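Heads up: the structure comes next, in structure tokens.
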Amino acid sequence: MGKQWDKIFKERGKYFTKPQKDIPRIVKLFKKKGIKKVFDLGCGSGRHIIYLAKQGFKVYGFDISEHGIKISRNWLKKEGLKANLKIGSIYKKLPYKDNFFNAVVSIRVIHHAKIKKVQKLIREIERILKPGGLLFITVAKSPPKKIIMPMVESKMIAPRTYVSLEGKEKGAIHYLYNKTLLKKDFRNFKIYNIWADSSTKKHYCLLGELKSK
């Protein structure tokens, strides 16, 4: 997956430039709650790194794509901003101490694996996030009635799980969530809200607060 995203970033540059449409509202909440240190899990080429840094947060980013991180660093330098960026797989132990972050954001990232790996990652998010810390994520959602194969050629490899066989995400695994499964996997969070991302219509947004451990 890292080589695949390296290829995408080499071909398309920043790929995404504008922040996810709910981020400005989420940032207002972060400021209201006194959030200082924010982690962008799967930061890609840096669209949210830049936005968060401009808002005055101490920002950390982590991504599997070396080229995506390179673009982020160059973008930060151009804007005169700073952030702590690292390269690695999100499905392994994250290189941060327990209770390290006040907030975590992850946009269209954590569902790119089979469910056991996704659930392991959620436990890692809980480990590095302080009790009372905030989480904002977006994940792939299943269609309203039943799982329908996406428009691109793909193959179901497990329940609610498919792999793309063509297109820009060729080889990428997608686990499809519904609201019930989100509530189950994020049971250690006080969930403020779950809603459909109106800009993509293919993702759920979840905003929550980590319960005391």
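The values are calculated or read from the model by the stated rules, or taken from the named source; none is laboratory data. Keep in mind that this is a model prediction, so the values were computed, not measured. We place every Cβ from the backbone using ideal geometry, glycine too, and count neighbours over all the protein chains shown.
In the condition set (1) at pLDDT below 85; (2) under 22 Å from Ile90 (Cα atoms); (3) out of contact with any helix residue (DSSP H, G or I) (no Cβ under 7 Å at 6 or more places or on another chain), Ile157 is compliant with all but (1). Residues satisfying the criterion are absent from the range 59-68 (criterion: of a type in the set (D, E, K, R), out of contact with any helix residue (DSSP H, G or I) (no Cβ under 6 Å at 6 or more places or on another chain) and not in a helix (DSSP H, G or I)). Looking across Lys201, Lys116, Lys211, Lys184, one residue alone is touching a Gly at 6+ places or on another chain (Cβ under 9 Å) and over 22 Å from Cys43 (Cβ atoms). It is Lys211. Taking the numbered list (1) buried (at least 21 other Cβ atoms within 10 Å of the Cβ); (2) within 21 Å of Lys33 (Cα to Cα); (3) among the hydrophobic types (A, V, I, L, M, F, W, C) in turn, Ile90 passes all entries but (2).
If only residues of the range 178-206 that are part of a strand (DSSP E or B) and out of contact with any Leu (no Cβ under 9 Å at 6 or more places or on another chain) are counted, the one that is modelled with the highest pLDDT is Cys205. If you take the residues of the range 163-198 that are in contact with a Lys or Arg (Cβ under 8 Å, 6 or more places away or on another chain) and of a type in the set (Gly, Ala, Ser), which of them is surrounded by the most Cβ atoms within 10 Å (Cβ to Cβ)? Ranking the qualifying residues of the range 163-198, first place goes to Ser164.
Flag: Ile157 matches the condition of being of a type in the set (A, V, I, L, M, F, W, C), assigned to a strand (DSSP E or B) and surrounded by fewer than 17 Cβ atoms within 10 Å (Cβ to Cβ). Residues in the range 112-132 that are at pLDDT 95 or above, in contact with a Phe, Trp or Tyr (Cβ under 6 Å, 6 or more places away or on another chain) and not in a helix (DSSP H, G or I): 1 in all.
What number of residues within the range 13-52 satisfy the criterion of being of a type in the set (A, V, I, L, M, F, W, C) and under 12 Å from Ser72 (Cα atoms)? Count: 4.
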